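The values are calculated or read from the model by the stated rules, or taken from the named source; none is laboratory data. Every value quoted in this text rests on a predicted model; they were computed, and no experiment measured them. Counting neighbours? That spans all protein chains shown, and the Cβs are built from the backbone with ideal geometry, glycine included.
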Amino acid sequence: MTYFIGIDVGTFESKGVLTDASGTIVAQAVSRHQMIVPRPGWAEHRPDEDWWGDTVAITRELLAKSGVDPRDIKAVATSAIGPCMLPLDGGGKPLMNGVLYGVDTRAVEEINFLMQKIGAETLLARCNSGLTSQSVGPKILWLKNKRPDIYAQARMFVSATPYITYRLTGDYAMDHFTAAGFTPLYDPAAQRWSPEFADGIVDLAHLPRLLWSHEIAGTITAAAAAETGLAVGTPVVCGTIDAAAEALSVGVTAPGDMMMMYGSTIFIIQITAAQVRDPRLWYAPWLFPGLHASQAGLATSGTLTRWFADQVFRDKPAADVMGEMAQEAATSPAGAKGLIVLPYFSGERTPLHDPRAKGVIFGLDLTHTRADVYRGALEGIGYAVRHIVETFEAVGHAPNRVVAVGGGTRNGVWLGAVSDISGQSQVLRQVTTGASLGDTFLAALATGHATLTDIEIWNKAARIQHPDKAVKALYDHQYAVYRALYRQTKHLMATLSEVDGGAAL
């Protein structure tokens, strides 16, 4: 028998699936954890508990639920949030919590320093991206500047997926897609670590070897087998960042395909035939040689809906009220009775790249209800998505096809608002398991049990969410207010950051 295991570690929960050779899901498992926010602008995970602990728990649950002999698991692939920054000592032990992706904005000073030292034009020419809160290079420099004792002990810097791979195999490996987020340490033209800007940041010997996402990174060690229940010698695929695995799971494979991932953040990936250089977007080689990816992401999306649930429904777990909140939002009309929400509750990533941006609820009056405020928040995310889509159009890469995936697609108000506001139809697939399914497909590719086009068989299209033209004029008007609202309050947001701790990020 032939089976594969895929595990994805997200911001608030990890998911795993076990599939057979045709992509049929045999077993699923979920493990939840928390994002740690020790101070404003910081975001962390515990690597052993949240990354490795979830991997162990999910693997054991998948094997127990399925009854599959571990020797019949032909390969394991993982994905995780990223890019993250985790320093390890010479024995592979974490020296601190993992510093998360762009939602963590602690390295503002280091970003500004490197931008001045290297120059924005040079960075764009060499790295195809600017430096933002998503970049790992400035976070390593932050560690050197602010925690020199930890930096001095570090012998390897990894992101979340490479750490899991290390715990499974004992080997350090990172895929090119993840490595591109280590700006300015990765050279996309040569597709290797680059010494050009590494001086003063990190010794390149302290970064993992680079592989393509579908290549085998190693095999299960005896120690990993004892913890997970997997068989010693089972191949482990290099894997990638969760958003890329999610895109693969829904058939985003050809130039012009765009993934819209509804998760803790909305993350967008568009496949391109050539490298795209624009400081508003992120660039990475795609998972396979010869293809490229332009990326964008908001700072808060699902995280914002969870925040709303935590504040308004304090007596109930957030997971239990999401459906109730969506039903309430549906009672509010399109436009939320004139409310405009800037969803910048943890700064904003693309295309603003403003870590000091603030959340705003604008236009409140005494007729508004919590349903209006929640709908306004969902529509605010929709306006932010439109801003990103317009950025792709401006650089000459309007999407040919948008495929939606992620838990947020179950919220009909949210899904509809994004289509109505952005003007984009969204294809939804039969299986919305997401990145963990993409991981199993990577495992099948790596071991020769699938070809790239087989994903259309593994996960067929189910329906299309079309924009409602009747509300276009309304949303066009409110979108103009949304864009102006940020422009006219940006300086006030920066001023506020100076007194709320933001200046000391």
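Overview of values
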item: Selection count where residues are at pLDDT 95 or above and β-branched (Val, Ile, Thr), scope segment 129-147; result: 2
item: Index of the failed condition, Ser133 passing every other in (1) within 22 Å of the chain's Cα centre (by Cα); (2) under 21 Å from Leu210 (Cα atoms); (3) of a type in the set (Gly, Ala, Ser); result: (2)
item: Matching residues, segment 462-489, being touching an Asp or Glu at 6+ places or on another chain (Cβ under 7 Å) and not in a loop (DSSP other than H, G, I, E, B); result: Val471, Tyr475
item: Breaking point among (1) under 22 Å from Pro285 (Cα atoms); (2) at pLDDT 95 or above; (3) in contact with a helix residue (DSSP H, G or I) (Cβ under 7 Å, 6 or more places away or on another chain), for Gly229; result: (1)
item: Meets criteria (under 20 Å from Trp51 (Cβ atoms), touching a strand residue (DSSP E or B) at 6+ places or on another chain (Cβ under 8 Å) and in contact (Cβ under 8 Å) with a residue 40 or more places away in the chain) for Thr228; result: no
item: Residue selected from segment 463-487 under the condition charged (D, E, K, R) and within 20 Å of His353 (Cα to Cα), by the criterion surrounded by the most Cβ atoms within 10 Å (Cβ to Cβ); result: Arg483
item: Among (1) hydrophobic (A, V, I, L, M, F, W, C); (2) farther than 27 Å from Leu304 by Cβ; (3) in contact with a Cys (Cβ under 6 Å, 6 or more places away or on another chain) - the single one Leu100 does not satisfy; result: (2)
item: Enumeration of residues in segment 310-337 that are assigned to a helix (DSSP H, G or I), among the hydrophobic types (A, V, I, L, M, F, W, C) and modelled with pLDDT of 90 or more; result: Met325, Ala326, Ala329, Ala330, Ala336
item: Index of the failed condition, Ser422 passing every other in (1) at pLDDT 95 or above; (2) in contact with a Ser or Thr (Cβ under 8 Å, 6 or more places away or on another chain); (3) buried (at least 18 other Cβ atoms within 10 Å of the Cβ); result: (2)
item: Residues satisfying the stated conditions in segment 138-177, i.e. polar (S, T, N, Q), in contact with a helix residue (DSSP H, G or I) (Cβ under 9 Å, 6 or more places away or on another chain) and crowded, with 24+ Cβ neighbours inside 10 Å; result: Ser159, Thr161
item: Failed condition for Lys65, given (1) touching a strand residue (DSSP E or B) at 6+ places or on another chain (Cβ under 6 Å); (2) surrounded by 18 or more Cβ atoms within 10 Å (Cβ to Cβ); (3) in a helix (DSSP H, G or I); (4) not aliphatic (A, V, I, L, M); result: (2)
item: Helices (runs of 4 or more DSSP H) within segment 375-461 that include 1 or more residues closer than 22 Å to Ser213 by Cβ; result: 435-446, 455-458
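Condition check ((1) more than 17 Å from Asn97 (Cα to Cα); (2) in a strand (DSSP E or B); (3) of a type in the set (A, V, I, L, M, F, W, C); (4) touching a residue at least 12 places away in the same chain (Cβ under 8 Å)) across all residues:
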site	(1), (2), (3), (4)
Gly6	yes, yes, no, yes
Gln28	yes, yes, no, yes
Gln34	no, no, no, yes
Pro38	no, no, no, no
Trp51	no, no, yes, yes
Val56	yes, no, yes, yes
